[in-house]
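*Asks:* Quick one: the structure is below, and I'll ask about it shortly.
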Amino acid sequence: MQKTDIPEIDAATFHDDVQYLEALWQRVPIGGVDMPLIDTGSDKGEPLVFVPILEHLEFVYARQIRTFGQRRRVIVYRRHETRTKPVGLAGRAEELREVLDALGLKCVDLVGHGDAAMVLFEFAARYPQRCRSLIIVAQGADYQIVPHPFIWLLHELFVRLPVEYILPAWFLRRTVINYIVANSPVSTHLVTCPPDRIPARVEVAPSDRVATTFPGDQYRASHPQTILPTSVLPRDLIEEQFRKIARWPCVYKYSVLPIIHYFDMRSRLSSLTMPVLLINRANDALSPEEKTRWLAEHLPNCAGYHVVAGGERFFMYAQAETVNALIEEFLASRATAAGN
């Protein structure tokens, strides 16, 4: 697909969304530190908590915060990025617990994208009673970057050696963004068609669905996977946000690698009994569709699995209308179930 075939998010719209979030941040004492926090929206609906990715990448949730804040209380915090000692999944899960405790929230709907979903999985395994539901975007049950195990070995060296002092920030930033905007081959389990022939909505025929029934009938057959038109966030706007992260090689070593290098939930899925909505794109290089399909098949309570076509890893922002509709339907179904 040529770049000209893909609708792009324009810079003015993107900067407006970034500034929208920046205006909402407030510093709140949490866990002994003043933490930047967005706590906005209506107090009439159930709270919806967004688990953060890296600092300055919260824009991924901007359009969800705008939309759902009109009828629900929405919350996101800016996590403290460490540059001198590692903070892993356990530490980030406890950070999330401290936020919920400080806000007096006992049981909430939670959203996590990519690396943040890894933290959300860890939190849900530790504190399932605090999770009303999970919305997992672009993340499977484990994390192996192609080519594996070559990338794993590079990460192992990064963890063990002082590479952060010699690796140029621009090179590491470029490498990471290459993966974010990469497009892997679309799974043969999905219906595909030429970019100029994609209709407004194409539902995969029953015979071509990845699955219509999982063990225990947890998969709702009324939610077939879909191929949808795509928009994309331009690379230069992604780079713009990454450049705001100070001492990026140190952040990567101490805040990113301790999460992604050791993430593997495959043996712990049985503890995730809360309803889970899974959303992925069809060709993500970091969370391949076959990985999220496997996760959907093995979760105790997968309430829906949806696949969006094309774009880049931050499709949650670039294709917010599609993603928001899926989330809205899922949350509404949970509210209906709770009322019965």
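*Asks:* With the structure loaded, tell me whether V307 is under 21 Å from D115 (Cβ atoms) and either touching a Lys or Arg at 6+ places or on another chain (Cβ under 9 Å) or among the aromatic types (F, W, Y) (or both) or whether it fails that test. Break it down into steps so the answer makes sense when it comes.
*Replies:* Working: under 21 Å from D115 (Cβ atoms): yes; either touching a Lys or Arg at 6+ places or on another chain (Cβ under 9 Å) or among the aromatic types (F, W, Y) (or both): yes.
Here the answer is yes, as V307 does meet what is asked.
*Asks:* For residues in region 17-71 being of a type in the set (K, R) and part of a helix (DSSP H, G or I), which is farthest from V119 (Cα to Cα)?
*Replies:* R66
*Asks:* Still on this structure, please answer the following. Take region 138-164 and flag every residue that is over 22 Å from H298 (Cβ atoms) and touching a residue at least 40 places away in the same chain (Cβ under 8 Å).
*Replies:* Step one: filter region 138-164 for residues over 22 Å from H298 (Cβ atoms), giving 147, 149-164.
Across region 138-164, the qualifying residues are W152, H155, E156, F158, V159, V163, E164.
*Asks:* Please specify each residue of region 98-139 satisfying the condition of being open to solvent by 10 Å² or more (accessible area, probe 1.4 Å) and under 11 Å from the mean Cα position of the chain (by Cα).
*Replies:* D115
*Asks:* So, in region 23-72, how many residues would count as being closer than 21 Å to V256 by Cβ and touching a residue at least 60 places away in the same chain (Cβ under 8 Å)?
*Replies:* Step one: list which residues in region 23-72 are closer than 21 Å to V256 by Cβ, which gives 31, 33, 35-36, 50-61.
Going one step further and asking which of them are touching a residue at least 60 places away in the same chain (Cβ under 8 Å), we end up with 31, 35, 50-57, 59-61.
Within region 23-72, residues that are closer than 21 Å to V256 by Cβ and touching a residue at least 60 places away in the same chain (Cβ under 8 Å) number 13.
*Asks:* I'm trying to understand the selection: among the residues of region 150-172, which are open to solvent by less than 70 Å² (accessible area, probe 1.4 Å) and touching a helix residue (DSSP H, G or I) at 6+ places or on another chain (Cβ under 9 Å)? Step through it out loud before you land on a result.
*Replies:* Taking region 150-172 as the starting set, the residues that turn out to be open to solvent by less than 70 Å² (accessible area, probe 1.4 Å) are 151, 155-156, 158-159, 163-164, 167-169, 172.
Answer for region 150-172, where residues must be open to solvent by less than 70 Å² (accessible area, probe 1.4 Å) and touching a helix residue (DSSP H, G or I) at 6+ places or on another chain (Cβ under 9 Å): H155, F158, V159, V163, E164, L167, P168, A169, L172.
*Asks:* Among the residues of region 175-182, are any part of a loop (DSSP other than H, G, I, E, B), open to solvent by less than 60 Å² (accessible area, probe 1.4 Å) and closer than 23 Å to V276 by Cβ? Steps first, answer last, please.
*Replies:* Step one: filter region 175-182 for residues part of a loop (DSSP other than H, G, I, E, B), giving 182.
With the extra rule that they be open to solvent by less than 60 Å² (accessible area, probe 1.4 Å), the set shrinks to 182.
Adding the requirement that they be closer than 23 Å to V276 by Cβ leaves none.
No; the residues of region 175-182 include none that is part of a loop (DSSP other than H, G, I, E, B), open to solvent by less than 60 Å² (accessible area, probe 1.4 Å) and closer than 23 Å to V276 by Cβ.
*Asks:* So, in region 72-81, how many residues would count as being open to solvent by less than 30 Å² (accessible area, probe 1.4 Å) and either closer than 18 Å to R97 by Cβ or assigned to a strand (DSSP E or B) (or both)?
*Replies:* The qualifying residues number 5.
*Asks:* Continuing with the same structure: Going through region 82-97 one residue at a time, which ones are farther than 18 Å from L257 by Cβ and open to solvent by less than 50 Å² (accessible area, probe 1.4 Å)? Reasoning before the result, please.
*Replies:* Keep residues of region 82-97 that are farther than 18 Å from L257 by Cβ, which gives 94, 96-97.
Correct list: E94, L96.
*Asks:* Which of the residues that make up region 81-134 are of a type in the set (D, E, K, R), in contact with a strand residue (DSSP E or B) (Cβ under 7 Å, 6 or more places away or on another chain) and more than 24 Å from S333 (Cβ to Cβ)?
*Replies:* Scanning region 81-134 gives a single hit, E98.
*Asks:* Can you report the number of residues in region 48-70 which are closer than 17 Å to A320 by Cα and open to solvent by 20 Å² or more (accessible area, probe 1.4 Å)?
*Replies:* Looking only at that region, the number is 4.
The values are calculated or read from the model by the stated rules, or taken from the named source; none is laboratory data. For clarity, every value in this text was computed on a predicted model and none was experimentally measured. Cβ coordinates were reconstructed from backbone atoms using ideal geometry, including for glycine residues, and neighbour counts include every protein chain displayed. Just the protein is used for accessible areas: all its heavy atoms, side chains included, with ligands, DNA and RNA removed. Shrake-Rupley method; radii C 1.70, N 1.55, O 1.52, S 1.80 Å.
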